[in-house]
Ligand code: GPP
Ligand code: MG
C-alpha cells in the first residue's frame with residue numbers, strides 16, 4: 001500500500017480530517033451486512049414491508065434493505081464500466097472504505113487502484129481487500145484524485161461515485177483523461193444542481209454544508225467532459241429511482257439529519273441524481 005500523501009490545500013486537509021473521523025452507523029452497519037462498505041446512496045424499489053417488521057428485528061431488516069439499494073447503485077455503475085477483462089486495471093477516484101473497487105473486481109476480475117485523502121479509509125479498505133483475498137488485485141492509496149501519480153494510459157475504466165463534489169471538474173477530468181487508455185470508459189454517479197432551477201437551492205446548500213462539499217451544476221459536467229476528451233455515451237436520470245431510498249432512510253433508526261434536505265432538493269426540482277458514462281477518445 002502506498003501511504004504517499006499528496007494533499008495540497010487546507011480544504012483538502014479538512015476533508016481528510018472529516019473522513020478520518022466519520023463513523024456513521026448508516027455506513028458501518030450497512031457495510032457489515034456483507035463486507036461491502038459504500039459511501040453512496042441507493043436506487044430502486046424498496047420492500048416497504050420491512051418497516052412493519054416486529055420491533056426486535058426491524059433495524060436489521062431495514063439495514064439489509066437499505067444496503068440492497070446501495071448495492072444496486074454500485075452494480076449499475078460497475079455495469080457501465082464494462083466490458084472489461086481480468087487483465088484490465090480500473091481507477092476508483094474517491095474510494096471511501098473501498099466497496100466500489102471490490103464490486104468492480106467481483107464483476108470483471110480486474111485489478112483496481114482506489115484513492116482517498118483519508119488514511120483511515122485507505123487502511124480500512126486495504127484490510128477489507130486482504131480479508132477477501134483480493135489484495136493482490138485491489139489496492140487503496142492515500143492520494144489526491146487530481147494528482148495521483150498513477151501510470152498514464154494504464155486504465156481501461158475509471159469512475160467517481162459521489163465524489164466529484166469535492167473537486168474542480170476541469171482538473172478532475174484532466175486526470176481521468178490522462179489515466180485512461182484511448183477507448184477507455186469513465187463513469188460517474190453524482191448529485192448535481194439543476195441549471196434550469198437556477199442557482200443552488202436552500203436544500204442543496206444544506207447538503208453542501210453537511211458534507212463540506214460544493215455540488216456542481218449539471219452544465220459543468222458536460223462542458224468539462226467535452227473539454228477533456230471524454231464524450232458522453234449514456235446519461236441516466238436516477239432522481240426518481242433514489243427518492244424511495246431516502247424515504248426509507250428517513251423512517252429508519254439510522255438517520256443522520258440530512259434526509260429531509262435530499263428529499264426537498266429532489267422533489268423541488270433543484271437537484272438531480274445522474275449517471276453519466278463517457279468514452280475516452
Ligand atoms: C457520502 O456518502 C456522499 C457524499 C459526501 C457526497 C455527497 C453526495 C451527493 C449526491 C451530493 P456517505 O454514505 O458517506 O454519506 P452518509 O453518511 O450520509 O450515508
Ligand atoms: Mg452512506
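Pairing residues of the range 55-74 that are more than 11 Å from residue 44 (Cβ to Cβ) with residues that are away from ligand 1 (no atom under 16 Å from the Cβ), at Cβ distances under 7 Å and at least 6 apart in sequence or on separate chains, gives 61/50; 61/53; 62/50; 62/51. Of all the residues that make up the range 178-217, how many are surrounded by fewer than 22 Cβ atoms within 10 Å (Cβ to Cβ), touching a strand residue (DSSP E or B) at 6+ places or on another chain (Cβ under 7 Å) and over 17 Å from residue 273 (Cα atoms)? So the count comes out to 3.
Considering 153, 198, 170, the condition of being more than 16 Å from ligand 2 (Cβ to nearest atom), out of contact with any helix residue (DSSP H, G or I) (no Cβ under 7 Å at 6 or more places or on another chain) and under 28 Å from residue 239 (Cα atoms) is satisfied by 198 alone.
Among 227, 278, 241, 250, which is the only one that is in contact with a helix residue (DSSP H, G or I) (Cβ under 9 Å, 6 or more places away or on another chain) and free of Cβ contacts under 8 Å to residues at least 24 places away in the same chain?
Details: 227 fails: free of Cβ contacts under 8 Å to residues at least 24 places away in the same chain; 278 fails: free of Cβ contacts under 8 Å to residues at least 24 places away in the same chain; 241 fails: free of Cβ contacts under 8 Å to residues at least 24 places away in the same chain.
The match here is 250.
When the range 17-54 is limited to residues that are part of a helix (DSSP H, G or I) and near ligand 1 (Cβ under 10 Å from one of its atoms), the one that is nearest to residue 101 (Cα to Cα) turns out to be 31.
We did not get these values from a lab; they are worked out from the coordinates using the rules stated. This one's a predicted model, so the numbers in the text were calculated from it and none came from an experiment. So basically every Cβ, Gly included, is an ideal-geometry build from the backbone, and we count neighbours across all protein chains shown.
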